[in-house]
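Structure first, commentary second.
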Amino acid sequence: MESKSSSSLPLFTLFNLFLISFCRWVSSTRIFLSRFVPLLQHHQRVFDKKNNKDQQKSLIKHIEQEEQHDDLSREDAEMVMSSLSLFPDQESDDQLQERYTAKEVSSLFEEKEASLEEVKQAFDVFDENRDGFIDAIELQRVLTILGFKEGAYLDTCLLEASQLYTEFSRRSYRRRNPISEASQVKMSVSRVKDLRLPLMNLVRLKGTPILEQLHLEERLLRTSSDNWCIVNDGTNVPTIVMGMSGKPCQLIEVKPVMEDRIPVIKRFTGGGTVIVDKSTLFVSLICNKDDVPNVQPYPRSVMAWSGSLYDEVFKSVNGFQLRENDYVFGDRKFGGNAQSIIKNRWIHHTSFLWDYDVRNMAYLKLPSRVPQYRLERDHTDFVCRMKDYIERSDFVEKTVKAVGNQFTLKQVNLEDIDSYAKGGYLKTTRLLTMEELEEAMAGTIQNA
């Protein structure tokens, strides 16, 4: 355990030293690498002094071969340069020395800090695909070339890539904007974090009809292989939405619903019956089970995960909790959930009552199965308004931020959805017809 701890610190220290010395290349790549190779030898000597001979591990293969010497040869430098696809310029006046001493290495740290251009040149040696990032694979390639045994482990490379990227971002941003260094470092750390998180596409809607939203969600669940977060700020008209097994005669007051021409939808997920309108906020999360490894594809596990996510959203609000599949403040519900779980994917979507019209609640019957904590309360005593606890815009932004802590978010416009969702599927979300409602009303009268 002690050996593992002591070896990780020198490795990170090596990267800091490596970045500094690597950036000393001003005139040419050759001169830069001629300094870099002795730097690694210097670090090895420091490492040797701090660790017992039996515990130390050789960091670079070619240094192992030169341990009995106090300097490095020109051939050593050329070997490293060749491995990294950096070749000497025969026409340049700057030529590699025959040998480099430890004193010459030490002098590297007496010079001024590297310029932004030098840092970029060093960064490009790692960034093989030129995408602006050093990922674990690219770092592993360089470590392996240089003889690092730690390069055989991707987890180690991922950690070091994050630290190296953060250091590079800090140095480059400081040169471009020294006043806001702290904020720029925060941004660079965030970008590094994104490298480790699964991707999630974010779709932000406003006033989209709930039927259209549900069709979109069902399509993405069944035909896309991506993770999705869909946020809809209100729907256009009051609409009743039932679970896929819901029966109108048992869940809604059919006669007034028909008289007032309230649309009734059966969605593709389970769950209870709600009436939604412009004051309802919707958040839907569609995830691949492998991208949320701590969540089992079962309702209770998904619910628990969602509860922890919204814990972060409502951490400044007293009384928030997940209670019997509902989100509540105290003992009053403000968020209802529904799910659908298929082979390798699941959807968890929620309707949040930012506000509600008491008259609309009269369209809903008291269901036969209710949460135990409801205690036979009617709708108005059972639910509460989220607006009494949090601002509407704050809730939306905090929700997006909470999701962004677990996924790398990519904004996707509604008109671009076709490029993500391809292929056919059986559409099960639908609007009930007047004939179906009339039949339900007849059944209600007959049962009475």
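Quick notes on this one:
- Strands (runs of 3 or more DSSP E) enclosed by the range 289-390 - at least 3 residues per element that are touching a residue at least 60 places away in the same chain (Cβ under 8 Å) and either among the polar types (S, T, N, Q) or out of contact with any His (no Cβ under 7 Å at 6 or more places or on another chain) (or both): 332-341, 345-353
- Only listed residue being modelled with pLDDT of 95 or more and charged (D, E, K, R), chosen from Arg219, Arg196: Arg219
- Within the range 267-296, the set of residues being among the hydroxyl-bearing types (Ser, Thr, Tyr) and either out of contact with any Cys (no Cβ under 8 Å at 6 or more places or on another chain) or more than 12 Å from Ser351 (Cα to Cα) (or both) comprises Thr269, Thr273, Ser279, Thr280.
- Those residues of the range 225-242 which are within 31 Å of the chain's Cα centre (by Cα), surrounded by 18 or more Cβ atoms within 10 Å (Cβ to Cβ) and assigned to a loop (DSSP other than H, G, I, E, B), in sequence order: Asp226, Gly234, Thr235
- Taken over the range 409-448, the criterion of being surrounded by 10 or more Cβ atoms within 10 Å (Cβ to Cβ) and among the hydroxyl-bearing types (Ser, Thr, Tyr) is satisfied by Tyr420, Tyr425, Thr428, Thr429, Thr433, Thr444.
- Whichever residue in the range 354-375 is hydroxyl-bearing (Ser, Thr, Tyr) and surrounded by 16 or more Cβ atoms within 10 Å (Cβ to Cβ) and, among such residues, is nearest to Gly207 (Cα to Cα): Tyr356
- Positions within the range 391-422 being in a loop (DSSP other than H, G, I, E, B) and not β-branched (Val, Ile, Thr), in sequence order: Glu391, Asn405, Gln406, Phe407, Asn413, Tyr420, Ala421, Lys422
- Selection status of Ile286, in a loop (DSSP other than H, G, I, E, B), assigned by TED's automatic domain parsing to the domain that holds Cys249 and in contact (Cβ under 8 Å) with a residue 60 or more places away in the chain: no
- For the residues Lys255, Lys333, the requirement of being farther than 18 Å from Asp226 by Cα and either surrounded by fewer than 19 Cβ atoms within 10 Å (Cβ to Cβ) or not assigned by TED's automatic domain parsing to the domain that holds His215 (or both) singles out Lys255.
- Qualifying residue in the range 376-393 (condition: closer than 18 Å to Gly234 by Cα, of a type in the set (S, T, N, Q) and surrounded by fewer than 16 Cβ atoms within 10 Å (Cβ to Cβ)): yes
- Number of the exception - Ser245 against (1) more than 24 Å from Arg359 (Cβ to Cβ); (2) in contact (Cβ under 8 Å) with a residue 40 or more places away in the chain; (3) out of contact with any strand residue (DSSP E or B) (no Cβ under 8 Å at 6 or more places or on another chain); (4) in a loop (DSSP other than H, G, I, E, B): (2)
The values are calculated or read from the model by the stated rules, or taken from the named source; none is laboratory data. Computed from a prediction, not measured in an experiment: that's the story for all the values here. So basically every Cβ, Gly included, is an ideal-geometry build from the backbone, and we count neighbours across all protein chains shown.
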